[in-house]
Amino acid sequence: MGILINPSILSADFANLERDLGAIARADYAHVDVMDNHFVPNLTIGLPVVTRLAEVSPVPLDVHLMIDDADRWAPAFAEAGAASVTFHLEAASAPVRLARELRRIGVKVGVALRPGTAVEPLVDLLPEFDMVLVMTVEPGFGGQSFIEGTLPKIRRTRAAITASGAPVRVQVDGGVSRATIGTIAAAGADVFVAGSAVYGAPDIPAEIDALRALAEAASRSS
């Protein structure tokens, strides 16, 4: 499995989302943060907007649900056209049942962990998921600085996946930039969410290429 770069449209211009999706056509996915102002202290976009984004995006949607009651709402986002749906372990009452329902609908399934949530309870369940998202900032707002203390958890997550033999990716979201992506890749991540680093760059396609090259080089040398 190669490196994936998934720019977060949380840093895009919400008045010009179709245009800004077109700007990241060189990426692998568009990362779409759905926040409900309950699970996290922010409110972004909901199901109708995700449905429309799926119709116009040049790349598949990687939907990250930062919402309460994920068991109830996540399947609707899968049916709305997302290619991948990630829910928070902290917000799901039956994560395995939910993962299986999402796979039945036909999407990739991710499970997300806040910085303070341990990965160890997931170790025996890894084959139920396609991806583990290790949050490297507290979820809720873009533009935050990478939390260095999350690197050991990224390493433990990768080690557990390797031991399980399951084809599970490790996604990192929070503070990903040219300055941090090499260290994160060396720790074992292979999917990178970058918001302000991409949308704040003067040349967005070039920034995507640069982040990919740095991650690939660090992954090869680790």
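Bear in mind these aren't lab numbers, they're just calculated from the coordinates by the rules spelled out. Just so we're clear, the structure is a prediction, and the values are computed from it rather than from any experiment. Note that we place each Cβ from the backbone using ideal geometry, even for glycine, and neighbour counts take in every protein chain shown.
Calculated FRET efficiency, Val56 and Thr117, Cβ-Cβ r, R0 41 Å, to nearest 0.05? Calculated transfer efficiency: 0.75.
Please label the shape of the range 78-148 as rounded, prolate or oblate, based on the square roots a ≥ b ≥ c of the eigenvalues of the alpha-carbon gyration tensor (a/c under 1.5 means rounded; beyond that, a/b larger than b/c means prolate, else oblate).
Details: a/c = 2.35, a/b = 1.43, b/c = 1.65.
It is oblate, given that a/c is not under 1.5 and a/b is not larger than b/c.
Using a simple spin-label model with pseudo-atoms 7 Å out from Cα toward Cβ, Ala25 and Glu79 lie 3.3 nm apart. Fewest-first ordering of Val59, Val109 by other beta carbons within 10 Å of each residue's beta carbon gives Val59, Val109.
Taking the Cα centre of the chain as the origin and placing charges on Cβ (Lys, Arg +1; Asp, Glu -1), which of Ala160, Ile181, Val119 is farthest toward the positive end of the dipole? Checked the options; the winner is Ala160. When the Gaussian network model of the chain links Cα atoms closer than 10 Å, the mean-square fluctuations of Ala179, Ala112, Ala54 top out at Ala179. Overall, the range 4-221 carries a charge dipole of about 540 debye about its Cα centre when +1 sits on the Cβ of Lys and Arg and -1 on the Cβ of Asp and Glu, all other atoms neutral.
Charge tally around Asp69: other residues with Cβ under 15 Å, Lys/Arg +1 each, Asp/Glu -1 each, net -3. Residues of the range 133-164 with amide nitrogen under 15 Å from the 7 Å Cα-to-Cβ point of Asn42? 135-147, by backbone N distance to the label point. Fewest-first ordering of Ser57, Ser84 by other beta carbons within 10 Å of each residue's beta carbon gives Ser57, Ser84.
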